[in-house]
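Just so it is clear, none of the values below were taken in a lab; they were calculated from the coordinates. Values in this document were obtained by computation on a predicted structure and should not be read as measured data. Because the Cβ atoms are built from the backbone with ideal geometry, glycine has one as well, and the counts that use them run over all protein chains shown.
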């Protein structure tokens, strides 16, 4: 059943919690759901609990969360998941006024073993894959409709845990994946680079890639590309006698006028004025 009026401070409208009572069979043989929901909140939202005999998986749609548990203090941004062990003291706090996240509590089967494995691999915060998002949506839908197929729910939870444990989105892999994306930009900045190309390198959809990239660099892919082109243009202005038109072409701008507009907007002076400073 959905509870539309949540009393926790900082929780905004259109926030829901759903509950499920697992069968004895599920509790003994399956991964099983306990609670799930979708919350929108501002920076007043802060939940602190001493002990819940369950695990929590949270996906941040917008804004961000700061979570503390087991000696960890972790920040979760848009497009990311966090897996929390709620059997110990834990705090979860919104760090933005527009935070929106989806979540579910679960337990059972080999939950503790998966959690320990994921913790050892430093994957407690990870980028959500398309499969994981689809599974999360399925879980929320069955909880919302109060029609939980416990075997299906167990498979969905297991799949999500397996993906996080094995994953494409571990911190080490994310670092490597980010390095590959940035390396591609740095090697091909003179060319027209499409978001779809970069998203393919990162193994993400264009939508999730843009969110992931902005969380990583604080800029959009297009802004990063323009800024990198301008960085290379500054080097050419200082170290060569190439014309403004030549530098614009070498750095991937489609015209000298476009280059000059971007340069002045970012640097505050024209390319010619910048060159005369050195």
Next on the checklist: Could you work out the pair-distance distribution P(r) of the range 16-168 from its alpha-carbon pairs, with 5 angstrom bin width and percents rounded to whole numbers?
Outcome noted: 2, 10, 20, 24, 23, 15, 6, 1, 0
Checklist outcome for this item: One finds the C-alpha centres of the range 44-77 and the range 196-257 to be spaced, in Å, by 35 Å
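Reported to two decimal places, what Rg/Rh ratio describes the chain when computed on Cα atoms with Rh from the Kirkwood expression? Walk me through the intermediate numbers first.
On the way: Rg = 23.4 Å, Rh = 21.1 Å.
A ratio of 1.11.
So for each of 61-68, 125-132, 179-186 I average, over its residues, the number of other beta carbons within 10 Å; can you give me the resulting order with the highest mean first? Please list the in-between numbers first.
Numbers: 61-68: 18.0, 125-132: 20.6, 179-186: 15.2.
In descending order of packing, they fall as 125-132, 61-68, 179-186.
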Item to check | In Å, descending, principal axis extents of the Cα set of the range 28-77 | outcome: 38, 25, 17
Checklist outcome for this item: The simple spin-label model distance between residue 88 and residue 231, using points 7 Å out along Cα→Cβ, in nm, is 3.8 nm
Next on the checklist: Treating only the Cα positions of the range 170-278 as identical point scatterers, give the base-10 log of I(q)/I(0) from the Debye formula at each q in 0.13, 0.21, 0.22, 0.24 Å⁻¹.
Outcome noted: -0.53, -1.04, -1.10, -1.23
Item to check | residue 166 paired with residue 23, simple spin-label distance in nm, labels 7 Å along Cα-to-beta-carbon | outcome: 2.8 nm
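What is the packing order of peptides 48-56, 194-202, taking the mean over residues of other C-beta atoms within 10 Å and listing the highest first? Kindly include the intermediate steps, with their values, before the conclusion.
Working: 48-56: 14.2, 194-202: 16.3.
Ranked by mean Cβ neighbours within 10 Å, highest first: 194-202, 48-56.
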Checklist entry - Using alpha carbon centroids, what distance separates the range 8-41 and the range 82-105, in Å? => result 13 Å
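Given the -39500 (n - 2.57) contribution per DSSP H run of 4+ residues, what per-residue ellipticity at 222 nm results for the chain, rounded to the nearest 500 deg cm²/dmol? Intermediate results must be reported in sequence, preceding the final value.
On the way: 11 runs with 130 residues, N = 278.
Result for the chain, helices only: -14500 deg cm²/dmol.
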Item to check | Among 256, 178, 36, residue whose mean-square fluctuation peaks in a GNM of the chain (springs only between Cα atoms under 10 Å) | outcome: 256
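Which order, highest average first, do 77-84, 213-220 follow once you tally other Cβ atoms within 10 Å for each residue and take the mean per peptide? All intermediate terms of the calculation are to be shown ahead of the outcome.
Values: 77-84: 23.0, 213-220: 16.1.
My ranking of the peptides, most packed first, is 77-84, 213-220.
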